[in-house]
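The values are calculated or read from the model by the stated rules, or taken from the named source; none is laboratory data. None of these values were measured; they are calculated from a predicted model. Neighbour counts run over all protein chains shown; Cβ positions are idealised from the backbone, glycine included.
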Amino acid sequence: MPLGSEPTNPAQGTTASSEAAEAVAACPLDRLQPALAWNDQLGGLNLTWEVLDCALQSDVTIEVYFASGPAYADRLETAVFTHVVPAGTAVGQGGPVHVPGGDLSNDPAGTTHLIATGKPTTLVGPIADVRIVFGANADAGAVSAGMTDIVKDGLRAAGAAVGTITSTARTPADQARAMFNNIQNTGTAEQQQLYGPAGDAVIQRYIDATQNLTPAQIQAQSTQIQQAMTDEINAQGPENVSRHCGDPAVRSVVDISYNSFNATNRPLFRTSVSARVTRLLDEPNNNCFHLELTN
């Protein structure tokens, strides 16, 4: 026997092989349950998972898909993101892994969910896709498919589950109402910063109509004041006052409430949509993004 060598015991190898075989027999199938959640700090999604029953015998690849429902069979097109959980991973929770918001644009037609596939494929982690809700004075029918797609991609980029569109196309009376309410909230000086000469003429009509009136009197006479503002909007040309008053078949115009976001993910939304719209305005005094898209 060479110096420094140790005697081998064939029984030891047999025991190790037997133990490995018993482990596989005890866990014949790897089981991994994935989950998805919107990440409103970094944007996109957080992917987590749970290894069930026993440690993984082999690598498991989690795939994230757009889907037309919450089940594995509802997957649409190809995976938009993958992550490998290696063999040997112990029972318990894993992650989070960040799914970048930039990977979640260009959703296929029919998308209602995103799903993460586990093992076996009956174990999936579904999450409802982002959605747009409309304020009481917003008309969903005035928003083009192109604008809807841009806004939804922006919400995914921001990790924001819901975005609120507070305003779309407006009649002259709607525009007068919006301007009246915004003046009540911020004052005439702040609103004059947002408009050109035609809009400033409408604000001046408000100033003239409310001269020497108390706030209570202004509210009591709001119908007459708004009618005076409507008359001025018509005199100036509605679209000269605001693009909201234009033809929605030509241009889609929406306001997205800042309340859809937090201080961290609001810039992510802005960055996502800015290169794709015809015009974007930050309107902090009106608590919204103003977006325009020529159809």
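Summary of values
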item	result
Pick from region 162-189, criterion assigned to a helix (DSSP H, G or I) and charged (D, E, K, R), ranking: farthest from residue 200 (Cα to Cα)	174
Residue 137 vs. criteria within 17 Å of residue 290 (Cβ to Cβ) and assigned by TED's automatic domain parsing to the domain that holds residue 284	yes
Any hit, region 84-91, residues being assigned to a loop (DSSP other than H, G, I, E, B) and either among the β-branched types (Val, Ile, Thr) or in contact (Cβ under 8 Å) with a residue 40 or more places away in the chain (or both)	yes
Scan of region 249-265 for residues that are closer than 23 Å to residue 140 by Cβ and surrounded by fewer than 21 Cβ atoms within 10 Å (Cβ to Cβ), ordered by number	249, 250, 251, 257, 258, 259
Residue selected from region 48-83 under the condition assigned to a loop (DSSP other than H, G, I, E, B) and aliphatic (A, V, I, L, M), by the criterion nearest to the chain's Cα centre (by Cα)	71
Index of the failed condition, residue 117 passing every other in (1) touching an Asp or Glu at 6+ places or on another chain (Cβ under 9 Å); (2) surrounded by fewer than 19 Cβ atoms within 10 Å (Cβ to Cβ); (3) over 22 Å from residue 253 (Cα atoms); (4) hydroxyl-bearing (Ser, Thr, Tyr)	(2)
Which listed residue is surrounded by fewer than 20 Cβ atoms within 10 Å (Cβ to Cβ) and either of a type in the set (A, V, I, L, M) or on the phi > 0 side of the Ramachandran plot (or both), from 201, 157	201
Candidates 233, 256 - the one that is under 18 Å from residue 182 (Cα atoms), modelled with pLDDT of 95 or more, part of a helix (DSSP H, G or I) and among the aliphatic types (A, V, I, L, M)	233
Sole residue being basic (Lys, Arg) and under 20 Å from residue 133 (Cα atoms), chosen from 279, 270	270
